[in-house]
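See below for the structure under consideration.
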Amino acid sequence: MTSTLSSRRAPLADPAAQLATLDASMTGRSTFDEALRGAGWNALTPATLEIFQINLGKLCNMTCRHCHVDAGPDRSDAMMTRETLDACLRALDQTAAHTVDITGGAPELHPEFRYLVAEAHKRGKHVIDRCNLSVLLLPRNAGLAEWLGDRDVEIVASLPHYRQRNTDAQRGDGAFEKSIAALRLLNAAGYGQGDPRRILSLMTNPAGAFLAAPQSSIENEWKTALKRDFGITFDRLLALNNMPISRFLEWLIESGNLDSYMSRLVDGFNPTAITGVMCRNTISISWDGRLFDCDFNQMLDLDAVTARSMTIETFDFAAWQQRDIVTRAHCYGCTAGAGSSCGGATA
Amino acid sequence: MRWERRCGPLQRGLAPALQHGAGARSDQLYGLRLRSRSDRGQGNYRKNAFHGAYTARSTLEWSFEEINLSDHYYAPEHLKAFGTISEGAPELGRKFFEYYSAVFAAGALTEREKALIALAVAHTVQCPYCIDAYTTECLQKGSDLEQMTEAVHVACAIRGGASLVHGMQMKEHAAKVGM
């Protein structure tokens, strides 16, 4: 099991150090912008804003080795205030975004989590809870699955693999067993059985320095295996590449895989994945109310660049839609192979 | 056509050569200063190959010329430059790689199942390039180490069984010539 970069005061806890490492790894390779231009995109521009992704903070009951947030039990330093959360809701009301995507850390640990869910649901939004599963087993969250189901919340649950080895390798010993227990709890609450008001999506990240499997090709296998081995059902599988940032970047360096992984991302550049990347239809809001093109840029302190500087308190929808999206080397992670986003494959 | 169907793992290893080779000037592809693998301080090949940790460089740097400078067999660079095998017989190369891609596309078997078969066969034919490529490919298709190890045991069992079943010939011959 690992600990947070922050608690270890590791150099990579500083986003600037992560960017410098990434930039150094790109020597001799085409920049992401060059790859974009080669594919006919002079700049990555916004599409219709569909998703408000709100990161409530970095507090988490787990410390996964690949976490791009550097979340963990010691990260109560970074938690969204009620004031900022209300500003998110006011900004949401300026837009026609249909989805509120709540992430963290473990968002369920935030004291205002239920308030946010209830307010978004009241506005008729589709609400997504990005859930690490084990958090549902905590005594404080007893009954949460049913409560979320009553508000039509989609659960997007992280599960690296339908077998124990890769899951525990990435998320810590015992994580698989807890995940299975939580999935049973969700099934018992009506999730994962084809009810559009109780959608259970599983999200798989590779447990290593390789790309995610094409989700469409493995979904049936996952469904069969989880049903056969554990009696568990779910609705859909999403596959996401690991971004070479934060704790995954640390692991890449320590395991000697950084160069080969960057090669894999760069060589795997897939132009057809560009259109669907999440930064084009998403606004990412950090715990302290700053605005980003995506959750990965957020973790790298790459603020969105708009004509006039803004936070969620001063959000201006028209100006937001006129920005150019900020790109760096890690963006190759979203365009490699079948593409990758919070909604899964993009190609 | 989906990206996964356009190239198999061996080709993906050589994708840079395929993508850049057609339109690139020869000096872009082949005119670079070359170093032998040992110059780059490579350690144990098998360990590095398994972890995919050999030195990565610009895709344009990999070249056929470098193959000639390898100071031993089975250099990992060969895999990246595999596409250049078509230079001597372009049409045959094209047909081979088209066929190769078609073989590994999902059909009656899934891509994951085909990758596991390829991994087992790779161990049977003891091809380090294929073992390298299909270890990664199996992982990328969603297999885990236990499933992959079982596939290798299938290869092992068949290979061992093939030896042992020839013992029947031994037995018959021994029975014929013995008392």
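The values are calculated or read from the model by the stated rules, or taken from the named source; none is laboratory data. Being a predicted model, the structure only gives us computed values, none of them experimental. Note: ideal-geometry Cβ built from the backbone for every residue, glycine included; neighbour counts use all protein chains shown.
Odds and ends about this structure:
- Number of the condition not met by residue A:314 [criteria: (1) surrounded by fewer than 23 Cβ atoms within 10 Å (Cβ to Cβ); (2) of a type in the set (Val, Ile, Thr); (3) under 24 Å from residue A:109 (Cα atoms)]: (3)
- Residues that are more than 23 Å from residue A:263 (Cα to Cα) and β-branched (Val, Ile, Thr) within the stretch B:80-112 comprise B:103, B:110, listed in sequence order.
- For the stretch A:22-34, the criterion of being at negative phi and under 20 Å from the mean Cα position of the chain (by Cα) is satisfied by at least one residue.
- Qualifying residue in the stretch B:158-178 (condition: assigned to a helix (DSSP H, G or I), buried (at least 18 other Cβ atoms within 10 Å of the Cβ), hydrophobic (A, V, I, L, M, F, W, C) and out of contact with any Leu (no Cβ under 7 Å at 6 or more places or on another chain)): no
- For the residues A:281, A:297, the requirement of being closer than 29 Å to residue A:111 by Cβ and more than 14 Å from chain B (Cβ to nearest Cβ) singles out A:297.
- Matching option when the condition is within 14 Å of chain B (Cβ to nearest Cβ), touching a residue at least 24 places away in the same chain (Cβ under 8 Å) and under 27 Å from residue A:214 (Cβ atoms), among A:264, A:328: A:264
- Entirely in the stretch A:38-142, the strands (runs of 3 or more DSSP E) that have 2 or more residues that are touching a His at 6+ places or on another chain (Cβ under 7 Å): A:126-131
- Residues of the stretch A:202-231 that turn out to be farther than 22 Å from residue A:252 by Cβ, more than 7 Å from chain B (Cβ to nearest Cβ) and assigned to a loop (DSSP other than H, G, I, E, B), as a count: 1
- Some residue of the stretch A:17-36 being closer than 30 Å to residue A:324 by Cα, in a loop (DSSP other than H, G, I, E, B) and without any contact (Cβ under 8 Å) to a residue 60 or more places away in the chain: yes
- Unique residue being modelled with pLDDT under 95 and under 30 Å from residue A:345 (Cα atoms) when the list is B:147, B:140: B:140
- Every pair of residues 6+ apart whose Cβ atoms lie under 6 Å, when the first sits in the stretch A:331-347 and is at positive phi while the second is part of a helix (DSSP H, G or I): A:339/A:273; A:344/A:215
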